[in-house]
1. Looking at segment 123-154, which of its residues are assigned to a loop (DSSP other than H, G, I, E, B) and in contact (Cβ under 8 Å) with a residue 60 or more places away in the chain?
2. What tally of residues in segment 65-105 results from selecting those that are of a type in the set (Ser, Thr, Tyr) and modelled with pLDDT under 95?
3. List the number of the failed condition for VAL165; all other conditions in (1) more than 30 Å from the chain's Cα centre (by Cα); (2) of a type in the set (Val, Ile, Thr); (3) modelled with pLDDT of 90 or more hold.
4. Answer yes or no: is there a residue in segment 152-162 that is within 17 Å of ARG257 (Cβ to Cβ), surrounded by 15 or more Cβ atoms within 10 Å (Cβ to Cβ) and aromatic (Phe, Trp, Tyr).
5. So which residues in segment 206-253 are under 31 Å from the mean Cα position of the chain (by Cα), of a type in the set (A, V, I, L, M) and part of a strand (DSSP E or B), if there are any at all?
Amino acid sequence: MAFFNAYEPSNGNELWRTDGTTDGTRLIEDVIPGAESSNPAFTQIDSIYFLMSANTSDSKGRELWRYDFEPSMLVTQTSVIADGSTFDFGTLPEGTLSSEKTFTIKNNGDATLTLTGSPVIIIAGTNPSDFVATQPALTSLDAGKSVTFTITFASTTSSTKTATVEIPNNYSGAASFTFNVTGARVISSIEEPDALLLKVYPNPASEIVTISFPDAGETYTVEVFNSIGALMNKFETTQAEYKLPVSNLNNGFYILRIHKNKSLYIKKITVRK
């Protein structure tokens, strides 16, 4: 991380910082608002803050300033996602069961960013069961570091679905970063054969859910998520049927994310005791 003075007509000569990237280069503080310059000068740099002198706008001349290092969070997909904005998965064409998108969380601040949620990525709102999040591998990001997570949109109906994505963190500017997701799906009377043959029963269930796979001998990977996107179970099987215990799960709905080769199927179950 580097700190420096830079001049631009709208802000004058003020304090900037950079991590060597475009997104990580920004004005820290316009000490004298507007085009007038504060001409900051560093006097002492510590591991969590630095001191500088700068001109002020109150005619008192140069005064002592302290800047405390802090984290900042930038979320991107193909472009920056603003806090409170909406990401649109679009409409899945006929025959397409799901759409998976990869998102990046970057710490473009000066101190360690901690992702404090449990799970880290929380799916809530109107239709949370139609959006499945895989959790990031890291929960602590040093300045300039990043981590990815995915969200899969998969719906069994043709109506538009919406949900909220919440990422709690230790950044004081936005203690919980939140954006919306939306998507729709075109469904005809003819569904993909494997999707029809892959059965999950009974549903609701209290003890055991049977998953019946159409291709015995093929390897299926099954992930079980709760309603806010936390991974509860993951396993592989080549059996024609698999008995999934659910007695250890709380009442509520769960999402089964089932992979076979490049195919992805989403099933929903309800645990009711």
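The values are calculated or read from the model by the stated rules, or taken from the named source; none is laboratory data. Bear in mind that the values here come from a model prediction, so they are computed numbers and not experimental data. Quick reminder, even Gly has a Cβ in these numbers, built from the backbone with ideal geometry, and neighbours come from all protein chains shown.
1. Matches in segment 123-154: GLN135, ALA143, GLY144, ALA154.
2. Quick first cut of segment 65-105, residues of a type in the set (Ser, Thr, Tyr) only: 67, 72, 76, 78-79, 85-86, 91, 96, 98-99, 102, 104.
So of that shortlist, the ones also modelled with pLDDT under 95 come out as 67, 72, 78-79, 91, 96, 98-99.
Residues meeting the conditions: 8.
3. (1)
4. Yes: one or more hits.
5. Residues satisfying the conditions are VAL209, ILE211, VAL222, VAL224, LEU231, MET232, LEU244.
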